[in-house]
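A short write-up of the structure that comes next.
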Amino acid sequence: MNKPIDKEAIAQRAADLVLEDRVHKDLYSDPDIFEEELDKVFNNTWVWVAHESEVSGKNNYKTAKIGRQPVIVVRERKGGINVLLNRCRHRGATVCEGNAGKTKAFTCPYHGWGYGLDGSLRALPKPEEYENLMDKSEFGLVKLRHESYQGMIFATLSDDIEPLEDFLGGAKKWIDLFMKQGAGYPLKTLGEQRFRFPGNWKIQLENTTDAYHFPIVHKSFLSSMDETSAEIFDFLDGDGFVEDLGNGHSVMVMIPELVDLEEKLDDPIPERFADLATELAAEGHSDEEVRRLVRAVGGSGFNLNLFPNISFSMAFFRNLVPISAQETEIHHIAIGGEGAPDAYNQKRMRLHEHFQGPMGFGTPDDGEAWERVQRGSMAGDDGWIMVNRGMSRMKTSADGNPQGAVCSETGMRAAYQQYKKQMAS
Amino acid sequence: MTINNQLFNQVSEFLSTEADMLDHREYQDWLKLWQPDGVYIVPVDVNADDYKNTLNVAYDDEHMRQLRVERLEGGEAVSTAVAMPTVRSISALRIVSASDDEVTVRCSYMLYENKEGDLRPYPAKAEFVLVPNSDSFLLKKKLVKLMRASQYLATISYIF
């Protein structure tokens, strides 16, 4: 007989592998720990599933995942949004495939059970064989608890965790700032690029709060920019910082001048956006409107990293999806303004393609570094990964949070302490 | 039914040359195959019809093609430092339309990448718009519709 797997012991071991200043390589590669992470981390917190603009019209849906569990985010005819487990209540088949689309109902392809967009079981073939066996009202698609903040929809499998706004806490202020990228228009998503890398999801989680790598890994991206813009991205000696916002969230301010996009509207138009300004002015937009659009087009000067699966990364959303201990899927979601001039949204998409995604000038180099962490971390019998950078020089921020230098590993430590807490729970 | 063998052969030769240049990373020569207003597109949504107003994997005008080549050749990008040559083949070549001004051709486009021993196939349907130029062509459009584009890719350190 095989010994029963002691799941609690595995989760506790993972928690013990997070110290204040270092984490152990087994957290990147142990498949047993990965299984426990799905349960302890992803199934027990608020997980981002969609931005409202992704399901903007009635009957629109998108598919997503909470950990490894497939879910559907759908807008009903009357406008309400539901998050449903994508699993037929009969024999378990998914009832919805594809990344996104429009439908009036979800019909299981196996035996034809039909569900409404609210998840209710509406009809099934030959119902008489369930006589006295089943109450249809109890066999709808499982509806998940979900809440939104600034159009960002989060869902959870847990009915007893805190309200979303309490979970976001200190991150809300930064979400509010980030959403100014609509440049006076409601923020909307403009499509996404998806790619996978052979490495653990936490390597990616760390990266979004890692400014230290930028001038090294992204040298070729910086070389592809004009001199003034490259100087703006040379931020390690600037006044930026990383702040621990609680609950595993952190913000990394790289370019302080670009924190609030509604300020500094009278600053000179940056060289790299001169063409855009000319084009917008030629279309008849007022000087004020042109300045507002140009100010917002390149994105915000910070990365907000929310634990565990979504980041607001300068000009886009980064959503990570754990596939296995050693494989992760990344979605880079472009954003723009609903109703904004075409030239504005086009410029945002082109800027996104320049850095982001499988053929961007930034992402492939990040991916190479992550793959090497996954491979190299296997070496030796020590096995500790250091996250202690900046620990001896911490300050308290204006909001009363722990704050380190822009290239400190403050955000990684914040995420790992939340990880430790959930794994030990 | 008339088959314009001469045009077919010219198109075939041009596309083979283009593919071979990219496999051998003769990027400076590749840049010369383009019209200045040409666009190179690798879409996310292969069913899109307005790529300018759609997010793509790559949407390169002349400036971006130049920057992309500089990045691939510059030696600063860690992902390009270890990249091995690609192997691509073209088949099912079909001339969709042809006039004196331009020729639109579709084909199956198969690229193999060797990522440190992990052989990765990238099947695609490609569409080229070619503009006759003396005894050959210039590229007005190259559109590479990867089979996996809307699901997921890996990071790419070459030009499709």
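None of the figures in this text is laboratory data; all of them are computed from the coordinates on show. In this text, all values refer to a predicted model and were calculated from it rather than measured experimentally. Neighbour counts are summed over all protein chains in view; Cβ atoms, including those assigned to glycine, are modelled from backbone coordinates with ideal geometry.
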### Message
Students often check this: by mean Cβ neighbours within 10 Å, which of A:397-410, B:6-19, A:127-140, A:295-308 ranks highest, and how do the rest follow?
### Response
A:295-308, A:397-410, B:6-19, A:127-140
### Query
Between B:SER89 and A:ASN388, what is the label-to-label distance in nm when each label sits 7 Å out along the Cα-to-Cβ direction?
5.6 nm
### Message
If R₀ is 25 angstrom, what is the calculated FRET efficiency for the pair B:LEU31 and A:HIS213, using the beta carbon separation as r and rounding to 0.05?
### Response
0.25
### Query
Where does helix B:62-74 land angle-wise versus the long Cα axis of chain B, in degrees 0 to 90, nearest 10?
40 degrees
### Query
For the range A:198-303, what is the largest minus smallest coordinate of the Cα atoms on each principal axis, given in angstrom and ordered from greatest to least?
49, 32, 29
### Query
Each label point is 7 Å from the Cα along the Cα-to-Cβ direction; what then is the distance between the points at A:THR396 and A:ARG375, in nm?
4.7 nm
#### Entry: Cα-based Rg and Dmax for chain A, where Dmax is the largest Cα-Cα distance (Å)
22.9, 77
### Query
For the range A:48-143, what class follows from the C-alpha gyration tensor (a ≥ b ≥ c being the square roots of its eigenvalues): rounded when a/c is under 1.5, otherwise prolate if a/b is larger than b/c, else oblate?
prolate
### Task
For a label point 7 Å from the Cα of A:ARG77 along Cα→C-beta, name the residues of the range A:94-120 whose backbone N is under 18 Å from it.
A:102-107, A:114-120
### Message
Suppose each label sits 7 Å from its Cα in the direction of the beta carbon; what would the A:THR228-A:GLU271 distance come out to in nanometres?
### Response
0.7 nm
### Message
Could you tell me the relative contact order of chain A? Use alpha-carbon pairs under 8 Å, at least six residues apart, and round to a whole percent.
### Response
21 percent
### Query
Using modelled amide H (1.01 Å from N, peptide plane; none on Pro or chain starts), what sits under 5 Å from the amide H of A:GLY191, excluding residues fewer than 5 places away?
A:ALA334
### Task
Show the residues, 5+ positions off or on another chain, whose built amide H is closer than 5 Å to the amide H of A:PHE233.
none
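Give A:LYS58/A:LYS347; A:LYS219/A:LYS420; A:LYS40/A:LYS173; B:LYS32/B:LYS141; A:LYS40/A:LYS136 a once-over and call out the pairs whose C-alpha atoms are over 23 Å from each other.
Details: A:LYS58/A:LYS347 29 Å; A:LYS219/A:LYS420 34 Å; A:LYS40/A:LYS173 27 Å; B:LYS32/B:LYS141 14 Å; A:LYS40/A:LYS136 32 Å.
In this structure, A:LYS58/A:LYS347; A:LYS219/A:LYS420; A:LYS40/A:LYS173; A:LYS40/A:LYS136 exceed 23 Å between Cα atoms.
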## Note on the structure
Given a Förster distance of 35 Å, the FRET efficiency implied by the Cβ-Cβ spacing of B:ASP135 and B:ASP49, rounded to the nearest 0.05, works out to 0.60
### the range B:5-146, relative contact order in percent, only Cα pairs under 8 angstrom and at least six apart counted
24 percent
### Message
By the 4.7 Å beta carbon criterion, which cysteine residues of the protein assembly as shown come out unpaired?
### Response
A:CYS96, A:CYS407, B:CYS107
### Message
Taking θ = phi - 60°, what integer Hz values does the Karplus form 6.51 cos²θ - 1.76 cosθ + 1.60 yield along the range A:316-328, in sequence order, with x for Gly and Pro?
### Response
8, 9, 10, 10, 9, 10, x, 9, 8, 4, 10, 8, 9
### Summary
Expected unfolding gain across B:ARG148-B:GLU70 under the 0.36 nm per residue rule, minus the alpha-carbon gap, is 25.4 nm
### Other protein chain Cβ atoms within 10 Å, averaged over every residue that makes up A:218-225
5
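Tell me, what is the FRET efficiency for A:GLU257 and A:ASP160 to the nearest 0.05, using R0 = 45 angstrom and their Cβ-Cβ distance as r?
The formula returns an efficiency of 0.60 here.
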### Task
Return the sequence-ordered ³J(HN,Hα) values of the range A:182-190 in whole Hz as given by the Karplus equation 6.51 cos²θ - 1.76 cosθ + 1.60 applied to θ = phi - 60°, using x for Gly and Pro.
x, 6, x, 10, x, 5, 9, 7, 10
